[in-house]
Every structure is written in C-alpha cells, then in structure tokens.
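Scroll down for the structure; my scribbles are underneath it.
Just so you know, all these numbers are worked out from the coordinates, no wet-lab data involved. Since the model is a prediction, treat every value here as computed from it, not as a measurement. Cβ coordinates were reconstructed from backbone atoms using ideal geometry, including for glycine residues, and neighbour counts include every protein chain displayed.
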Amino acid sequence: MGRKQDAVEWYAAAVRTWPDRWSSTANYASLLPEWREAERATLAEVFAAWQAKPPTFP
C-alpha cells in the first residue's frame with residue numbers, strides 16, 4: 001500500500017462521518033457488496049492502521 005497514510009486519513013474521515021458504519025470491520029460485506037474479499041482485506045489493513053494510531057483531527 002503505497003499511500004498508507006492517505007488511506008488512514010480518509011478512513012478516519014469516514015469514521016468521523018459515520019461512526020456506526022465504519023468503527024468496525026463487521027459491516028464491510030453489507031457496506032461494500034461489490035468489493036472482492038481481497039479488497040475488503042486491504043481495507044481491513046487500513047482499519048487496523050487507523051485503530052493503532054488514529055490521526056489527529058484539526
């Protein structure tokens with residue numbers, strides 16, 4: 001993932017906007033039905049990076 005920090009910042013924005021949807025990986029299949037499992041796994045890596053070190057919000 002070449003732009004990991006960008007991805008984490010975008011994910012943080014999604015969590016701030018819809019915390020009930022994006023604060024967990026449990027809903028990925030229903031939120032992203034057209035995504036392949038490999039794509040969801042990549043997003044789960046972004047989620048893990050966000051959870052480990054959430055970016056500060058200005």
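Computed values, structure above
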item	result
Of all residues in region 30-43 being among the hydrophobic types (A, V, I, L, M, F, W, C) and in contact with a helix residue (DSSP H, G or I) (Cβ under 7 Å, 6 or more places away or on another chain), the one that is surrounded by the fewest Cβ atoms within 10 Å (Cβ to Cβ)	Leu32
Residue count for region 1-22, restricted to those that are among the hydroxyl-bearing types (Ser, Thr, Tyr) and in contact with a helix residue (DSSP H, G or I) (Cβ under 6 Å, 6 or more places away or on another chain)	1
